[in-house]
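Novice: Let me begin by handing over the structure; questions about it come next.
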Amino acid sequence: MIGTSLPVEGIDPYMPSAGEIYMSEDQHKHFRHILVEWKKQLMQEADRTVDHMKSDAANYADPADRATQEEEFSLELRTRDRERKLIKKIDESLVTIDTEDYGYCESCGIEIGIRRLEARPTATLCIDCKTLQEIKEKQIYK
Ligand SMILES: [Zn+2]
């Protein structure tokens, strides 16, 4: 698939059939598939990071080398932290598929939309509420 913005490679975007209801069983299946595959990939990446850090944890005599290594490690730890948070969001999204709340805005209740969910399968807000939230956050942290 060319030009797809899916976070997971190898899963084609969902094509609803004419008159298909929003968040039909097939759509649930599709997004569950994406979320499960995505989580698998993230967990594999996390394993690689740990391996890399173990094999790299040498004692450098040169303080400059040591500093570089520490920087690399802290970057990797931040990445891992992001991955952990993302995995948690994926798990939460999987729960909302089970409870059939998936795909609806947490704030106003409207449909988030298949296209938006393809690009952000863990989205819990519609684009309007998300934009509003970002504006509010900017005001708080100014
Ligand atoms: Zn909304």
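Novice: If a residue must be exposed (fewer than 12 other Cβ atoms within 10 Å of the Cβ) and out of contact with any His (no Cβ under 9 Å at 6 or more places or on another chain), how many such residues does segment 100-109 contain?
Specialist: Qualifying residue count for the region: 2.
Novice: Among the residues of segment 108-126 satisfying the criterion of being of a type in the set (A, V, I, L, M, F, W, C) and near the ligand (Cβ under 9 Å from one of its atoms), which is nearest to the chain's Cα centre (by Cα)?
Specialist: Only one residue tops the list, namely L125.
Novice: Only one residue in I127, I97 is in contact with a helix residue (DSSP H, G or I) (Cβ under 7 Å, 6 or more places away or on another chain), modelled with pLDDT of 95 or more and open to solvent by less than 80 Å² (accessible area, probe 1.4 Å), so which one is that?
Specialist: I97
Novice: Here's a follow-up. Taking segment 5-29, which residues are closer than 17 Å to L94 by Cβ and charged (D, E, K, R)?
Specialist: E25, D26, K29 - these are the residues of segment 5-29 that are closer than 17 Å to L94 by Cβ and charged (D, E, K, R).
Novice: Right, here's the next one. Cβ-Cβ distance below 7 Å, separation of 6 or more or different chains: which pairs start in segment 119-142 with a residue that is under 20 Å from K88 (Cβ atoms) and among the polar types (S, T, N, Q) and end on one that is open to solvent by 80 Å² or more (accessible area, probe 1.4 Å) and assigned to a helix (DSSP H, G or I)?
Specialist: From residues that are under 20 Å from K88 (Cβ atoms) and among the polar types (S, T, N, Q), the pairs are T122/K89.
Novice: Consider R116 carefully, then state whether it is touching a helix residue (DSSP H, G or I) at 6+ places or on another chain (Cβ under 9 Å) and in contact (Cβ under 8 Å) with a residue 24 or more places away in the chain.
Specialist: no
Novice: Residues of segment 72-97 being within 19 Å of G109 (Cα to Cα) and among the polar types (S, T, N, Q), which ones?
Specialist: Within segment 72-97, S93, T96 meet the criteria.
The values are calculated or read from the model by the stated rules, or taken from the named source; none is laboratory data. Just so you know, these numbers come straight off a predicted model, no measurement behind them. Counting neighbours? That spans all protein chains shown, and the Cβs are built from the backbone with ideal geometry, glycine included. The protein model used for the area step is the full one, side chains on, heavy atoms only, and it has no ligands, DNA or RNA in it. Shrake-Rupley method; radii C 1.70, N 1.55, O 1.52, S 1.80 Å.
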